[in-house]
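Peer 1: Attaching a single structure in structure tokens format; questions to follow.
Just so it is clear, none of the values below were taken in a lab; they were calculated from the coordinates. Because the structure is a prediction, the values reported are computed rather than measured. FYI the Cβ positions are ideal-geometry reconstructions off the backbone, even for glycines, and counts take in every protein chain you see.
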Amino acid sequence: MTFHTPNIQNFDLLIVGGGILGTFHAYHALRKGLKVALLEKDGLPVGATVRNFGQVVPSGMNAKWQPLGRRSLEIYQTIQQQFDISVRQNGSIYLASDADEMTLLEEIHAIHRDRGYPCELWTGTHCMHYLAPLKEDYCLGGLYYPQEITLEPTLAIHRILHHLQSRYGLHYRPSTPVIHLDTDGQRAIAEDITGKKWAASQAIVCTGADFNYLFPHLFAEAPLELCKLHMMQTRSYPDVHLPGSILTGLTIRRYESFQECPSYAAIKAIESENNLLKEFGIHILFKQALDGSVIIGDSHEYAPVSERHLLDYHIDNQIQNEILQEAQRIIHLPDWSIERQWFGVYTQCTEGDIYHKTLAERIHIITGIGGKGMTASPGYAEQTIQSLWK
Ligand SMILES: Cc1cc2nc3c(=O)[nH]c(=O)nc-3n(C[C@H](O)[C@H](O)[C@H](O)COP(=O)(O)OP(=O)(O)OC[C@H]3O[C@@H](n4cnc5c(N)ncnc54)[C@H](O)[C@@H]3O)c2cc1C
């Protein structure tokens, strides 16, 4: 039900934050015919949602999240059929660099095949045919997921928001920081930085790593931490072909899905602890963007939410050099000319796998989705909206 009060705009749902989580909550609510407003503090969203690889990889998720990731694949594809949001179904390939990683690929292949998730175990030779730039001495074999997709992170969110406005009538307000959010018993009421008020029967807060501006006391106590990731992007290589998401040996040792493998614990127990790759949480992922450039990353440095200042604001050359050296062990590129470097920050839960807290039955704070937001948000948001509007 929509209430009417003079000087306050009324909606069924008010969303704070135009990253991937906020945007997909808007999508599902709009498809239910609800009147939705989305308030984003920046002129264009520039948080984790535009700083990532754009890899949509349910294969990396555990048994609980993989179905949400697979549902997200369907949702992205549905939108792509209506409007170009930069989705490409170009698959994901995991590359094993040694016998232990190959064992994990074989084990996860059996698990995912039994769960009905299509995947193909490939020999090293098959991988070389598929990925011409791959170095022969790196790859023992691979596991390929044909259904997985990539997005262009700097394009997708803007196009999805555009689509939601033009097709479904989303009231999208960029450059509109929300400075206060509360309830009056019947409605959630937000105040933006100009003093304008917005009311709705429900509000969803997806403010990513900027949680400290709204509900600071709540978040000071929340089981959340920040994670800073280093990234880089090469110049455009029109003659290099690196299709889809490319995930390598250290990723096999890191991603949640592999924790289901019978050999995982024993393989992790004998890993060497004393190296910079481990210290900086580095694993190597590649994704070739539409313009032919290659996005390479990443590292992981953590800080408690109360000590955000521990994550420096600068790019660390030592970390970038470690990423680059490991990447050069895996593929050939013509000159490794790096044109852009950046870092991104996301929040993740220290207890559980997402932070979802409801205040006064009307305000739902949802953040801390960690490194799986581009993959799981469309599916997760669908569940939230279904539970609020049954
Ligand atoms: C480097 C990097 C690589 C990654 N790679 C991948 C990948 O390939 N695949 C994958 O699945 N995931 C990946 N992730 C994770 C994924 O990007 C995040 O999980 C996801 O983007 C989080 O989305 P979000 O909407 O919660 O946060 P954000 O994208 O940070 O969005 C929050 C939004 O809220 C807005 N906001 C904050 N406060 C206010 C306020 N008071 N008023 C109004 N607006 C406000 C912000 O401006 C921002 O736009 C990666 C993350 C990083 C950093």
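Peer 1: Charges at C-beta only: +1 for Lys and Arg, -1 for Asp and Glu. How large is the resulting dipole of the chain about its Cα centre, in Debye rounded to 20?
Peer 2: 1560 debye
Peer 1: Please check: in the Gaussian network model of the chain (C-alpha springs, under 10 Å), which one of P243, P177, P262 has the largest mean-square fluctuation.
Peer 2: So, out of P243, P177, P262, the one fluctuating most is P262.
Peer 1: Which of the listed residues, I15, V345, G91, is farthest toward the dipole's positive end in the chain, when Lys, Arg count +1 and Asp, Glu count -1 at the beta-carbon?
Peer 2: It is I15.
Peer 1: For labels at R31 and E279 in the simple 7 Å Cα→Cβ model, what's the distance in nm?
Peer 2: 4.7 nm
Peer 1: Using a Förster radius of 22 Å, what is the FRET efficiency between Q341 and N212 based on their Cβ-Cβ separation? Nearest 0.05, please.
Peer 2: Taking R0 as 22 Å, the efficiency between Q341 and N212 is 0.30.
Peer 1: Provide Y27, Y117, Y130 in ascending order of the number of other Cβ atoms located within 10 Å of each residue's Cβ, fewest first.
Peer 2: Least crowded to most crowded, the residues run Y130, Y117, Y27.
Peer 1: Got a sec to turn the phi values of the stretch 249-264 into Karplus ³J(HN,Hα) couplings, 6.51 cos²θ - 1.76 cosθ + 1.60 with θ = phi - 60°, whole Hz, x for Gly and Pro?
Peer 2: x, 5, 5, 4, 7, 10, 6, 4, 4, 6, 5, 7, 6, x, 8, 4
Peer 1: Got a sec? How would T375, T78, T251, T234 order by Cβ neighbour count within 10 Å, fewest to most?
Peer 2: Sorted ascending by nearby Cβ count, the order is T78, T251, T234, T375.
Peer 1: So, in Å, what gap is there between the alpha-carbon centers of the stretch 198-272 and the stretch 316-352?
Peer 2: Computed from Cα coordinates, the inter-centre distance equals 14 Å.
Peer 1: Once you order the gyration tensor axes a ≥ b ≥ c over the Cα atoms, which shape class does the stretch 215-332 get: rounded for a/c under 1.5, otherwise prolate or oblate by comparing a/b with b/c?
Peer 2: Numbers: a/c = 1.88, a/b = 1.29, b/c = 1.45.
Oblate, because a/c is 1.5 or more while a/b does not exceed b/c.
Peer 1: Taking neighbour counts of Cβ atoms within 10 Å as a proxy for exposure, in what order, fewest first, do W198, W336 appear?
Peer 2: The order, fewest Cβ neighbours first, is W336, W198.
Peer 1: For the stretch 58-169, with the dipole built from +1 on Lys and Arg beta-carbon atoms and -1 on Asp and Glu ones, taken about the Cα centre, which of H109, C127, Q81 lies farthest toward the positive end?
Peer 2: Q81
Peer 1: Calculated FRET efficiency, Q328 and V46, Cβ-Cβ r, R0 35 Å, to nearest 0.05?
Peer 2: 0.75
Peer 1: Roughly how many nanometres apart are two label points built 7 Å out from the Cα toward the Cβ at E271 and E120?
Peer 2: Using points 7 Å along Cα→Cβ, the separation is 2.9 nm.
Peer 1: Expressed as a fraction of 2.2 N^0.38 Å, the rule-of-thumb size for a compact globular protein of N residues, what is the C-alpha radius of gyration of the chain?
Peer 2: In units of the 2.2 N^0.38 Å rule of thumb, it is 1.00.
Peer 1: Please list 3J(HN,Hα) in residue order for the stretch 66-78, calculated via the Karplus relation 6.51 cos²θ - 1.76 cosθ + 1.60 where θ = phi - 60°; whole Hz, with x for glycine and proline.
Peer 2: Karplus-based 3J(HN,Hα) across the stretch 66-78 equals 4, x, 5, x, 5, 5, 4, 4, 5, 5, 4, 5, 4 Hz.
Peer 1: Check cross-link reach from K228 to the lysines: straight Cα distance under 26 Å, and skip same-chain residues fewer than eight apart.
Peer 2: Of all the lysines, those that pass the test against K228 - Cα under 26 Å, at least 8 places apart if same chain - are K41, K64, K268, K278, K287, K357, K372.
Peer 1: Is the shape of the stretch 174-249 best called rounded, prolate or oblate, per the rule: a/c under 1.5 gives rounded, else a/b larger than b/c gives prolate, else oblate, with a ≥ b ≥ c the square roots of the Cα gyration tensor eigenvalues?
Peer 2: Prolate.
Peer 1: Okay, next question. Note down the magnitude of the dipole of the stretch 63-178 about its Cα centre, charges +1 on Lys and Arg C-beta and -1 on Asp and Glu C-beta and zero elsewhere, to the nearest 20 debye.
Peer 2: Dipole about the Cα centre, nearest 20: 900 debye.
Peer 1: Excluding I267 itself, calculate the net charge of residues whose Cβ lies under 9 Å from the Cβ of I267, where each Lys or Arg counts +1 and each Asp or Glu counts -1.
Peer 2: Surrounding charge for I267 is -1.
Peer 1: What FRET efficiency comes out for the pair T183/E351, r = Cβ-Cβ distance, R0 = 25 Å, nearest 0.05? Each step should come with its number before you reach the end.
Peer 2: Working: r = 26 Å, r/R0 = 1.05.
Calculated transfer efficiency: 0.40.
Peer 1: Right, another one. Loop-only check: which GluC sites (Glu not before Pro) in the stretch 186-280 are DSSP coil with at most 14 other Cβ within 10 angstrom? Don't jump to the answer; show the numbers that get you there.
Peer 2: Values: sites: E191, E221, E225, E256, E260, E271, E273, E279; in loops: E271, E273.
Answer in residue order: E271, E273.
Peer 1: Cα gyration tensor of the stretch 16-63, axes a ≥ b ≥ c as square roots of the eigenvalues: rounded (a/c below 1.5), prolate (a/b > b/c) or oblate?
Peer 2: Oblate, since a/c reaches 1.5 and b/c is not below a/b.
Peer 1: State to the nearest 20 debye the size of the charge dipole of the stretch 132-258 about its Cα centre, where the only charges are +1 on K and R beta carbons and -1 on D and E beta carbons.
Peer 2: So the dipole magnitude of the stretch 132-258 works out to roughly 320 debye.
Peer 1: Right, another one. Taking the highest mean first, how do the peptides 311-319, 299-307 order by number of other beta carbon atoms within 10 angstrom per residue?
Peer 2: 299-307, 311-319
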